[in-house]
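All remarks here apply to the structure that follows.
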Amino acid sequence: MKTALRYRLFRAGKMPAELRQATAGSTVLAAEGISVKESVRGLRLPRARVSTGSSLRVGSLVVAPGRLLAAIGSRKILDTGHQDASAPRATLACAADGLRLKLDIADIVDGGVGSLEVHYRLALDAAALGALPATGTGVALTDAEALLTPWHRSRAA
């Protein structure tokens with residue numbers, strides 16, 4: 001698996017301790033330094049407006065039987081093993097080219113508008129795809145605010 005340049009140079013996107021502990025058991029896939037692409041459409045936040053935009057980040061992913069954990073940088077954003085009914089929801093899609101999370105900004109920020117897609121870009125083999133939840137599954141995010149970090153700095157165009 002090819003890792004992101006920022007990971008190879010600076011070790012950005014190292015696996016957080018919570019994900020590393022999850023790899024102690026039986027895992028199907030554990031990867032760090034994955035290139036993560038965030039794409040937004042029609043984003044409106046307080047002090048930020050973006051019609052379309054994308055941001056490249058670095059993250060990590062752990063796929064275990066019956067559990068999926070994902071992080072961007074050092075912040076865990078997804079843990080399907082610990083569902084919280086009040087947490088923002090995202091739709092999970094799994095394919096050979098990686099894992100995609102799609103969510104509505106209004107679920108994360110009050111008064112926010114738009115949509116966000118997060119694509120963990122890595123090749124998934126048949127064993128990893130079989131261990132992942134079915135495509136179109138709704139999952140609860142543990143730290144959805146971490147996804148909006150690059151967009152809070154945006155200025156109105």
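The values are calculated or read from the model by the stated rules, or taken from the named source; none is laboratory data. Only a predicted model underlies this, so the values are computations on that prediction, with no experimental measurement involved. Here the Cβ positions follow ideal geometry from the backbone for every residue, glycine too, while neighbour counts run over all protein chains shown.
Name the residues in region 1-31 that are modelled with pLDDT of 90 or more, surrounded by fewer than 18 Cβ atoms within 10 Å (Cβ to Cβ) and in a helix (DSSP H, G or I), would you?
Ala17, Glu18, Arg20, Gln21 - these are the residues of region 1-31 that are modelled with pLDDT of 90 or more, surrounded by fewer than 18 Cβ atoms within 10 Å (Cβ to Cβ) and in a helix (DSSP H, G or I).
Only one of (1) more than 24 Å from Glu32 (Cβ to Cβ); (2) surrounded by fewer than 21 Cβ atoms within 10 Å (Cβ to Cβ); (3) touching a helix residue (DSSP H, G or I) at 6+ places or on another chain (Cβ under 8 Å) fails for Ile105. Which number is that?
Tallying (1) more than 24 Å from Glu32 (Cβ to Cβ); (2) surrounded by fewer than 21 Cβ atoms within 10 Å (Cβ to Cβ); (3) touching a helix residue (DSSP H, G or I) at 6+ places or on another chain (Cβ under 8 Å), Ile105 fails exactly one: (2).
If Asp84 passes every condition in (1) charged (D, E, K, R); (2) out of contact with any helix residue (DSSP H, G or I) (no Cβ under 7 Å at 6 or more places or on another chain); (3) under 19 Å from Leu45 (Cα atoms) but one, which one does it miss?
All conditions are met except number (3).
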